[in-house]
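Read the structure below first, then the notes.
The values are calculated or read from the model by the stated rules, or taken from the named source; none is laboratory data. Small disclaimer: the values here were computed from a predicted structure and weren't measured. All Cβ positions, even for glycine, are placed from backbone atoms using ideal geometry, and neighbour counts span all protein chains on display.
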């Protein structure tokens, strides 16, 4: 396959099994926000799950955005680096500017059922080659230098679960 300009997307799932401190904070704070929003949207207490609320309460899908506000500060702590996606040295190396928060599921009486997803979208990257199931990448702003035959900074990144090439353009 001919290589080119790509963008990666990574879907980070966070639930009660979160082991990293950052994930635990996101889990706890988004659950608290969900619990508060659920009380606002369903003041009668008729529904216990996020899915029931989405199905029966008009505008309950706004909870994706409303609950996301509890995660934004933690996402900023990532310093625009996609979590879990590292180079061969274990260093986070892929930048992001955009993300999308999603409530996957939750339950007002059972916190263990709470699960959220954050989809991170990388900045443009130059896909130079694939080496042993790893992508050889350079930041998109180095395209001109690469085309001029100059030396460019690169990273080798493994394709891990939930990481995908979401945009491709032949150069």
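Restricting to segment 74-108, count the residues that are farther than 28 Å from residue 140 by Cβ and either under 18 Å from the mean Cα position of the chain (by Cα) or part of a loop (DSSP other than H, G, I, E, B) (or both).
So the answer is 5.
Could you check, for segment 12-19, whether at least one of its residues is outside any loop (DSSP other than H, G, I, E, B), farther than 15 Å from residue 118 by Cα and in contact (Cβ under 8 Å) with a residue 40 or more places away in the chain?
No, segment 12-19 has no match at all.
Considering every residue within segment 154-165, establish whether at least one is free of Cβ contacts under 8 Å to residues at least 24 places away in the same chain, in contact with a strand residue (DSSP E or B) (Cβ under 7 Å, 6 or more places away or on another chain), assigned to a strand (DSSP E or B) and more than 30 Å from residue 41 (Cα to Cα).
no
Would it be correct to say that residue 8 is under 15 Å from the mean Cα position of the chain (by Cα), outside any helix (DSSP H, G or I) and surrounded by fewer than 19 Cβ atoms within 10 Å (Cβ to Cβ)?
It is false that residue 8 is under 15 Å from the mean Cα position of the chain (by Cα), outside any helix (DSSP H, G or I) and surrounded by fewer than 19 Cβ atoms within 10 Å (Cβ to Cβ).
Looking only at residues that are over 17 Å from residue 25 (Cα atoms) and surrounded by 15 or more Cβ atoms within 10 Å (Cβ to Cβ) in segment 109-123, which one is farthest from the chain's Cα centre (by Cα)?
Only one residue fits best here, namely 123.
Suppose we filter segment 130-161 for residues that are loosely packed, with under 15 Cβ neighbours inside 10 Å and out of contact with any helix residue (DSSP H, G or I) (no Cβ under 9 Å at 6 or more places or on another chain); how many remain?
Within segment 130-161, residues that are loosely packed, with under 15 Cβ neighbours inside 10 Å and out of contact with any helix residue (DSSP H, G or I) (no Cβ under 9 Å at 6 or more places or on another chain) number 14.
Considering (1) at pLDDT 95 or above; (2) within 20 Å of the chain's Cα centre (by Cα); (3) surrounded by fewer than 15 Cβ atoms within 10 Å (Cβ to Cβ), say which one residue 40 fails and leave the rest.
That leaves (2) as the condition not met.
I'd like the residue in segment 109-127 that is touching a strand residue (DSSP E or B) at 6+ places or on another chain (Cβ under 6 Å) and not in a strand (DSSP E or B) and, out of all such residues, is nearest to residue 10 (Cα to Cα).
Among those residues, the one meeting the criterion is 123.
Return the residues of segment 48-70 that are under 22 Å from the mean Cα position of the chain (by Cα), over 20 Å from residue 110 (Cα atoms) and not in a helix (DSSP H, G or I); say none if nothing qualifies.
69
Look at residue 73 and say whether it is free of Cβ contacts under 8 Å to residues at least 24 places away in the same chain, out of contact with any helix residue (DSSP H, G or I) (no Cβ under 6 Å at 6 or more places or on another chain) and closer than 21 Å to residue 16 by Cα.
Judged against the criteria, residue 73 is a match.
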